[in-house]
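The values are calculated or read from the model by the stated rules, or taken from the named source; none is laboratory data. Everything quoted here is computed from the prediction, not taken from an experiment. Note: ideal-geometry Cβ built from the backbone for every residue, glycine included; neighbour counts use all protein chains shown.
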Amino acid sequence: MRHLKKDSPIERIWNGIYTENPVFCLILGMCPTLATTTSAINGIGMGLSTTIILALAELLISLLRKVIPSRMRMPAYIVVIASFVTMVDFLMAGFTPDLYKSLGIYIPLIVVNCIIMGRAEAYAGKMKPIPALFDGLGMGIGFTLALFLLGSIREIIGAGTWFGVKIMPASYVPINIFVLAPGAFLVLAWLVAIMNKLKIGAGRRPGVDPTTKKDVCGNCMNCMKLGMCEGKEAMQAAMEEAKAKAAAAEAAKPAPAVGPVPASKPDEPVKAAAPAEEVKKEEV
C-alpha cells in the first residue's frame, strides 16, 4: 500500500481505514466512540450514520469551495453538516426507532464531531469533489470499523453476547466493567496500542527503494543498528553526491568584477570650502 497514487480513491479509503484512522491514529471523535460502543449494533449504527454525513458533507463542501468566502468557512461548514445531520436524524427516527433511542443525543451531536469538521477544513475545502467524497468514505469506514471492533469486544466480555445473541458458555460470568465507562477506556487503550505496534512494525519492515532498487527498512532516521545496511549506504551516497554537486556549482560561479576606485578630483575640496569663505566675508 506504500505505492498508491496520492489522492486516488483507493488511497483515500486506505488512508481512512489504516494510515490515518480517526480513532486509533488521530484520536478524534472520542465522545461518541466511548459513549455509544456498549454493543456492536450501536457501534455500527453510529459509524454508518457518521459515514453518510461525512461523505455527503465533504462532497458538497468541495463543490462549494470556490463560492464560500474564506472568512465564512466555519459557519458555512456547520450549516452544511447540520443539514445532513437533520436528514439522517429524521430517517433514523422513522426507520430504526430502537437504534435511534439507543444512540440518543449523540446523533444530533454529529454536527460538532471533530472528525467531520477537521476533514472539511483540512481536505474537502481544498480538494476536488471526487477525492473529497472518497476521503469522507474512507474516514467514515475507518470510524465505523473502529466503533464496531470496540463495541464487539465490550459486548462480548461485558455481557457475553454479540448483536444481542448469547455466544459465551453458561459458565461464563460477564465482566460488567467493560460495559461501563472504565471498560471503554481500557479497550480503547489496548486497540490503540495494537495499532501503534502494527504501524511501527510496518515502518521497519524491509522494502525496496524505487530509485536504487535496494532493500531498505524505511526507518533510517530512527534506526538503532550500528552497522551499515544497503539503505543507509544509499542514503549516505545520495547525501555525498548532493554535497559534491553543490560544491561544484559554487565553484563554477564567476568571481565578481572589481573595477578601479575613482580618484577624487583636487578641486572638489576647494569648491566645497568656497561657500564657507563667502559667508565669512559677508559677515565681516
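Kindly evaluate Thr33 against the criterion of being over 21 Å from Leu133 (Cβ atoms), in contact (Cβ under 8 Å) with a residue 40 or more places away in the chain, assigned to a loop (DSSP other than H, G, I, E, B) and not aromatic (Phe, Trp, Tyr).
Details: over 21 Å from Leu133 (Cβ atoms): yes; in contact (Cβ under 8 Å) with a residue 40 or more places away in the chain: yes; assigned to a loop (DSSP other than H, G, I, E, B): no; not aromatic (Phe, Trp, Tyr): yes.
Considered against the rule, which asks whether it is over 21 Å from Leu133 (Cβ atoms), in contact (Cβ under 8 Å) with a residue 40 or more places away in the chain, assigned to a loop (DSSP other than H, G, I, E, B) and not aromatic (Phe, Trp, Tyr), Thr33 comes out as no.
Need pairs with beta-carbon distance below 7 Å; first residue part of a helix (DSSP H, G or I) and within the stretch 154-179, second of a type in the set (Phe, Trp, Tyr); sequence gap 6+ or separate chains.
Taking only residues 6 or more apart or on different chains, the pairs are Arg154/Phe178; Glu155/Trp162; Ile156/Trp162; Ile157/Phe178; Gly158/Phe178.
If Thr51 meets every condition in (1) part of a helix (DSSP H, G or I); (2) buried (at least 22 other Cβ atoms within 10 Å of the Cβ); (3) in contact with a Gly (Cβ under 7 Å, 6 or more places away or on another chain) apart from one, which number is that one?
(2)
Counting just the residues of the stretch 162-174 that are surrounded by 14 or more Cβ atoms within 10 Å (Cβ to Cβ) and touching a helix residue (DSSP H, G or I) at 6+ places or on another chain (Cβ under 6 Å), which one comes out modelled with the lowest pLDDT?
So, considering only residues that are surrounded by 14 or more Cβ atoms within 10 Å (Cβ to Cβ) and touching a helix residue (DSSP H, G or I) at 6+ places or on another chain (Cβ under 6 Å), the one modelled with the lowest pLDDT is Pro174.
Restricting attention to the stretch 32-72, which residues are charged (D, E, K, R) and out of contact with any Leu (no Cβ under 9 Å at 6 or more places or on another chain)?
Looking only at the stretch 32-72, we keep the residues that are charged (D, E, K, R), and these are 58, 65-66, 71.
Within the stretch 32-72, Arg65, Lys66, Arg71 qualify.
Please go through (1) touching a strand residue (DSSP E or B) at 6+ places or on another chain (Cβ under 7 Å); (2) surrounded by 23 or more Cβ atoms within 10 Å (Cβ to Cβ) for Ala40 and return the number of the only condition it doesn't satisfy.
So the condition that Ala40 fails would be (2).
Can you spot a residue in the stretch 87-96 that is part of a helix (DSSP H, G or I) and in contact (Cβ under 8 Å) with a residue 40 or more places away in the chain?
Yes, the stretch 87-96 contains a residue that is part of a helix (DSSP H, G or I) and in contact (Cβ under 8 Å) with a residue 40 or more places away in the chain.
In the list Ile115, Ile130, which residue meets the criterion of being closer than 22 Å to Ala184 by Cβ and assigned to a helix (DSSP H, G or I)?
Ile115
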